[in-house]
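This report concerns only the one structure given below.
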Amino acid sequence: MPQVTCPGLRAFATLLREKYDLRFALIARNAPDDELRNVEAEVFRVNRLMTSHRRRCPDCTKTRTVVTPFRRPRANLLRWVN
Ligand SMILES: [Zn+2]
(Lines give C-alpha, C1' and ligand atoms only; values in the text may rest on other atoms or scores of the structure.)
Protein backbone atom coordinates (compact mmCIF):
# COMPACT_ATOMS: atom_id res chain seq x y z
CA MET A 1 0.00 0.00 0.00
CA PRO A 2 1.45 3.38 -0.97
CA GLN A 3 2.26 5.75 1.86
CA VAL A 4 0.07 8.84 1.95
CA THR A 5 2.10 11.91 2.76
CA CYS A 6 -0.60 14.56 2.56
CA PRO A 7 -2.28 14.92 5.99
CA GLY A 8 -5.52 16.08 4.41
CA LEU A 9 -5.74 13.08 2.17
CA ARG A 10 -4.78 10.75 4.99
CA ALA A 11 -7.66 12.12 7.07
CA PHE A 12 -10.05 11.41 4.21
CA ALA A 13 -8.61 7.93 3.78
CA THR A 14 -9.18 7.19 7.47
CA LEU A 15 -12.72 8.52 7.24
CA LEU A 16 -13.41 6.42 4.15
CA ARG A 17 -12.08 3.34 5.88
CA GLU A 18 -14.40 3.99 8.83
CA LYS A 19 -17.38 4.34 6.51
CA TYR A 20 -16.54 1.05 4.79
CA ASP A 21 -16.11 -0.69 8.13
CA LEU A 22 -19.48 0.63 9.23
CA ARG A 23 -21.03 -0.55 5.99
CA PHE A 24 -19.65 -4.06 6.40
CA ALA A 25 -20.84 -4.13 9.99
CA LEU A 26 -24.34 -3.24 8.78
CA ILE A 27 -24.24 -5.98 6.16
CA ALA A 28 -23.01 -8.47 8.74
CA ARG A 29 -26.02 -7.84 10.98
CA ASN A 30 -28.53 -7.66 8.11
CA ALA A 31 -29.36 -4.02 8.66
CA PRO A 32 -32.40 -2.53 6.93
CA ASP A 33 -31.94 -1.16 3.41
CA ASP A 34 -32.35 2.49 4.34
CA GLU A 35 -29.52 2.25 6.88
CA LEU A 36 -27.30 0.67 4.24
CA ARG A 37 -28.26 3.30 1.72
CA ASN A 38 -27.31 6.05 4.17
CA VAL A 39 -23.84 4.67 4.77
CA GLU A 40 -23.36 4.06 1.05
CA ALA A 41 -24.20 7.69 0.40
CA GLU A 42 -21.55 8.60 2.98
CA VAL A 43 -18.98 6.39 1.25
CA PHE A 44 -19.82 8.07 -2.03
CA ARG A 45 -19.57 11.52 -0.49
CA VAL A 46 -16.14 10.85 1.06
CA ASN A 47 -14.89 9.41 -2.23
CA ARG A 48 -15.99 12.55 -4.01
CA LEU A 49 -14.32 14.75 -1.38
CA MET A 50 -11.09 12.80 -1.81
CA THR A 51 -11.21 13.18 -5.57
CA SER A 52 -11.74 16.92 -5.43
CA HIS A 53 -9.07 17.25 -2.73
CA ARG A 54 -6.53 15.41 -4.90
CA ARG A 55 -7.32 17.66 -7.80
CA ARG A 56 -6.82 20.89 -5.86
CA CYS A 57 -4.21 20.07 -3.21
CA PRO A 58 -0.65 21.02 -4.27
CA ASP A 59 0.84 18.09 -2.32
CA CYS A 60 -1.41 15.54 -3.95
CA THR A 61 -1.09 16.81 -7.51
CA LYS A 62 2.70 16.80 -7.07
CA THR A 63 3.06 13.25 -5.80
CA ARG A 64 0.10 11.65 -7.59
CA THR A 65 -0.22 8.87 -5.04
CA VAL A 66 -3.06 6.46 -5.46
CA VAL A 67 -4.90 5.90 -2.22
CA THR A 68 -6.55 2.58 -1.76
CA PRO A 69 -7.41 1.97 1.87
CA PHE A 70 -7.69 -1.73 1.08
CA ARG A 71 -7.38 -4.23 -1.74
CA ARG A 72 -9.61 -3.93 -4.78
CA PRO A 73 -11.75 -7.05 -4.37
CA ARG A 74 -13.33 -5.67 -1.21
CA ALA A 75 -14.20 -2.43 -2.95
CA ASN A 76 -15.97 -4.43 -5.63
CA LEU A 77 -18.33 -5.81 -3.00
CA LEU A 78 -20.19 -2.51 -3.28
CA ARG A 79 -21.55 -3.69 -6.60
CA TRP A 80 -22.46 -7.20 -5.46
CA VAL A 81 -25.14 -6.15 -2.99
CA ASN A 82 -26.86 -3.58 -5.17
ZN1 LIG B 1 -3.53 16.62 -0.41
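The values are calculated or read from the model by the stated rules, or taken from the named source; none is laboratory data. Just so we're clear, the structure is a prediction, and the values are computed from it rather than from any experiment. We place every Cβ from the backbone using ideal geometry, glycine too, and count neighbours over all the protein chains shown.
Computed quantities for the displayed model
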quantity	calculated
Condition met for Asn30 (at pLDDT 90 or above and in a loop (DSSP other than H, G, I, E, B))	yes
Evaluation of Phe24 against (1) at pLDDT below 95; (2) under 16 Å from the mean Cα position of the chain (by Cα) (one fails), failing number	(1)
Scan of region 20-45 for residues that are of a type in the set (Val, Ile, Thr) and loosely packed, with under 15 Cβ neighbours inside 10 Å, ordered by number	Ile27
Selection status of Val4, modelled with pLDDT under 95, within 14 Å of the ligand (Cβ to nearest atom), surrounded by 17 or more Cβ atoms within 10 Å (Cβ to Cβ) and not in a helix (DSSP H, G or I)	yes
Pairs with Cβ under 6 Å, 6+ apart, first in region 49-60 and at pLDDT below 90 and part of a helix (DSSP H, G or I), second more than 6 Å from the ligand (Cβ to nearest atom) and not aliphatic (A, V, I, L, M)	Cys60/Arg54
